[in-house]
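Below: one structure, written as structure tokens.
Laboratory data are not the source of any read-out in this text; all were calculated from the coordinates shown. Computed from a prediction, not measured in an experiment: that's the story for all the values here. Quick reminder, even Gly has a Cβ in these numbers, built from the backbone with ideal geometry, and neighbours come from all protein chains shown.
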Amino acid sequence: MQAPKLPPQADPAGSRLRFLRWSALGTYCEVQYVCPDDATERAFETEAVNWVAAFEAKYSRFRPDSLISRINSEAGRSWVEIDPEMEQFLDLSGSLYQLSQGVLDITALPLMRLWDYRTPTPRIPSEAEIAATKRLVGWEKIQRAPGRVRLPEAGMALDFGGWGKEYAVDIVSQIARRHGLANVLVDFGHDLSAVGTAPGKPGWHIGLEDPSRAGKECWGSIAARDCGVASSGDYMRGFTLNGKRYGHIVDPRTGWPVANSCLQVTVIAKACLQAGALATAVFILGPEAGLRLVQGLMGAEACVVTDKARHQTKGFYHYVVTK
């Protein structure tokens, strides 16, 4: 999924299309927005960048001094004090766990580490290793009390990577609207929030990447307006060993990388958080069960690209123009 790189334009009211670009959350971040004046531009961009920096510092597992790292380092030992925001994130994690039928689980980090595709010498874990690691995974294992949390077994670990970036997209979109910006596209690593329209267009034009020609070609596009859009796929990240490819998305139910013929899932929903959570859930559940999940929800549409076909909910066709 690719957002277009548009040249500077003016809307009918004379406001310019502006661009904010920086790196955070392990990816590129870009905001395209129509803004009437430089003062609003400076105020919005300062607040957006500062909020993302604070969010990453607090919740990134790659920051040793983050709150999430402190919780993980105390696994099997002590309770960790948390603030109301973290309480809300844990509540949200529980809701997403239920929504996804148990496949979107913030405790699945030990399995991700076991199948580390980034290592120079990837390997296939033994069945015993997988079974032992699965015993460290499970949303219900988290112990909670007002103002504190504990991971009861050494080796357990939490990770908000399954939806944290999408949450940040929605917050930056909200910040833009608080500054009076009515036409905004927030794009964090191809997880998107589209508000209003691009200048002179019926929406924001979003390319749908062809998994077989990643980075080179799109099979269609979306005209996105007032919605969130997110994709999930394993065709870019993973490793091949003995002629078989293993993607980076691990099914916490089996302990193995997903291997259900899915290459890419794109979801359009009311918010990027919902779209991202559903995209990952659908990818793990597979085309049939995944689309059945989306069809049971109001305001969400999905497309699943497999190694043989594309499968879409009926409403997805309203957004897409195929090539």
How big is region 262-316 by Rg and Dmax over its Cα atoms, in Å? 9.7, 29
Computed for region 120-207: size of charge dipole around the Cα centre, +1 on C-beta of each Lys and Arg, -1 on C-beta of each Asp and Glu, debye to nearest 20, value 280 debye
Relative to the compact-globule estimate 2.2 N^0.38 Å (N residues), the Cα gyration radius of region 215-323 stands at a ratio of 1.06
Region 57-201 - Rg over Rh from alpha carbon coordinates, Kirkwood radius: 1.05
Cβ neighbours within 10 Å, averaged per peptide: list 175-181, 66-72, 186-192, 81-87 in order, most packed at the top. 186-192, 66-72, 175-181, 81-87
Under 18 Å between C-alpha atoms, the lysine pairs in the chain lying 8 or more places apart or on different chains count 8
Need one number: the % of Cα-Cα pairs in region 19-135 sitting beyond the 23 Å mark. 52 percent
Loop-located trypsin sites (Lys or Arg not before Pro) in region 180-270 whose Cβ has at most 11 other Cβ within 10 Å (DSSP): LYS216, ARG237
Give the dimensionless ratio obtained when the Cα radius of gyration of the chain is divided by 2.2 N^0.38 Å. 1.02
Calculated P(r) of region 130-182 - Cα pairs past 14 Å, %: 68 percent
